[in-house]
Amino acid sequence: MRRITVSVADEMHRALRLLAILEAKSFGTVVLEALDFYLRHKHAYDLDVAKKVNPSS
C-alpha cells in the first residue's frame with residue numbers, strides 16, 4: 001500500500017475525525033472509505049491509460 005499526504009480544510013478534518021469516532025473506526029479507515037466511494041462514483045477504477053497513436057504514421 002502506498003502512502004500519500006494531503007492537506008484538508010479544518011472543517012473537513014473535523015468531520016472525518018468525528019465520523020471515525022461515531023463509527024468506531026480509525027481516521028485512516030474513514031479516509032480510505034471516502035476515497036474508495038469517490039473513485040467508484042467517478043468510475044475511476046475502470047480508467048486505463050492508452051498509448052496515443054499518431055494517425056499520420
In order over segment 2-9: 3J(HN,Hα) from phi, Karplus 6.51/-1.76/1.60, θ = phi - 60°, whole Hz, x for each Gly or Pro, gives 8, 10, 10, 10, 9, 9, 10, 5
Can you list which of the trypsin sites (Lys or Arg not before Pro) found in the chain are DSSP loop residues with at most 10 other C-beta atoms within 10 Å? Arg2, Arg3, Lys42, Lys51, Lys52
Looking at Ile4, Val53, His43, which one has the Cα that reaches farthest to the positive end of the dipole of the chain (charges on Cβ: Lys, Arg +1; Asp, Glu -1)? Val53
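Return the loop-located GluC sites (Glu not before Pro) in segment 1-52 (DSSP other than H, G, I, E, B) with at most 16 other Cβ atoms within 10 Å of their own Cβ; answer none if there are none.
Numbers: sites: Glu11, Glu23, Glu33; in loops: Glu23.
Loop-located and lightly packed - Glu23.
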Taking Rh as the Kirkwood radius computed over C-alpha pairs, what is the Stokes-Einstein D of the chain at 25 °C in a medium of viscosity 0.890 mPa s, expressed in µm² per second? 174 µm²/s
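Where a number appears in this text, it was derived from the coordinates with a stated rule and is not lab data. Model, not experiment: these values are computed from the prediction. Neighbour counts run over all protein chains shown; Cβ positions are idealised from the backbone, glycine included.
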